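The values are calculated or read from the model by the stated rules, or taken from the named source; none is laboratory data. Please read all numbers here as calculations on a predicted model, not as lab measurements. Here the Cβ positions follow ideal geometry from the backbone for every residue, glycine too, while neighbour counts run over all protein chains shown.
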């Protein structure tokens, strides 16, 4: 049973508002196994292009991938199944504090609307859920294996500056995507995966 305490909620801008109590929980999902979740049971993700305690998703990127923020002077709290010693914070370029797990900055996904949604998994090849063990969950939604890998192999470098978003979304038009979809994804790199617009992004 998931018990969610008061935590950061998504503001109108898409950025999770900081809270004096930001709790990170674990949640068993049918598609990805046990993963870290934040406010209201929403999945927490990490950008594999970001190094330890390094923030590269800012500006437009943070609209689609709101950082999990915490109020100055507060400390993130561990819910059931989460290692409290691995929780920390990193200062973002705008001065706000973002919650980390084993040094990995944590983000929500704007397309996830309900507890247990994992619509951001695999986004742009660099966004992945995190297991309570600290391992990147590097498998596609719906895969039959229940194990998560210890590291990601996306190998992509982030092309973001301070405001251009993170990573480079492939919009090669594979799989019969329409010209309209390809044009949308080219103009909104964080709003699509493999040339297909992300629903709700």
**Study point:** Residue tally, condition in contact with a strand residue (DSSP E or B) (Cβ under 7 Å, 6 or more places away or on another chain), within 22 Å of residue 119 (Cβ to Cβ) and not in a strand (DSSP E or B), over region 57-78
**Key:** 4
Check your understanding: Just one of the numbered conditions (1) modelled with pLDDT under 95; (2) over 19 Å from residue 26 (Cβ atoms) is not true of residue 93; which one?
Key -> (1)
Practice item. Quickly run through region 99-118 and pick out the residues that are within 12 Å of the chain's Cα centre (by Cα) and over 19 Å from residue 26 (Cβ atoms). Key: 110, 111
Exercise for review: Output yes when any residue across region 106-115 is assigned to a strand (DSSP E or B) and at pLDDT 95 or above, and no when none is.
Suggested key: yes
Exercise for review: Tell me, please, whether a residue that is at pLDDT below 95, out of contact with any strand residue (DSSP E or B) (no Cβ under 9 Å at 6 or more places or on another chain) and not assigned by TED's automatic domain parsing to the domain that holds residue 78 can be found in region 14-32.
Suggested key: yes
Revision key, fill the gap. Here the residues within region 122-151 that are modelled with pLDDT of 95 or more, within 25 Å of residue 84 (Cβ to Cβ), in a loop (DSSP other than H, G, I, E, B) and in contact with a strand residue (DSSP E or B) (Cβ under 8 Å, 6 or more places away or on another chain) are 131, 132, 134
Point to revise | Residues of region 47-97 classified as closer than 19 Å to residue 132 by Cβ and without any contact (Cβ under 8 Å) to a residue 60 or more places away in the chain, total | key: 12
Check your understanding: In the set 90, 82, 54, which member is on the phi < 0 side of the Ramachandran plot, more than 12 Å from the chain's Cα centre (by Cα) and assigned to a strand (DSSP E or B)?
Key -> 90
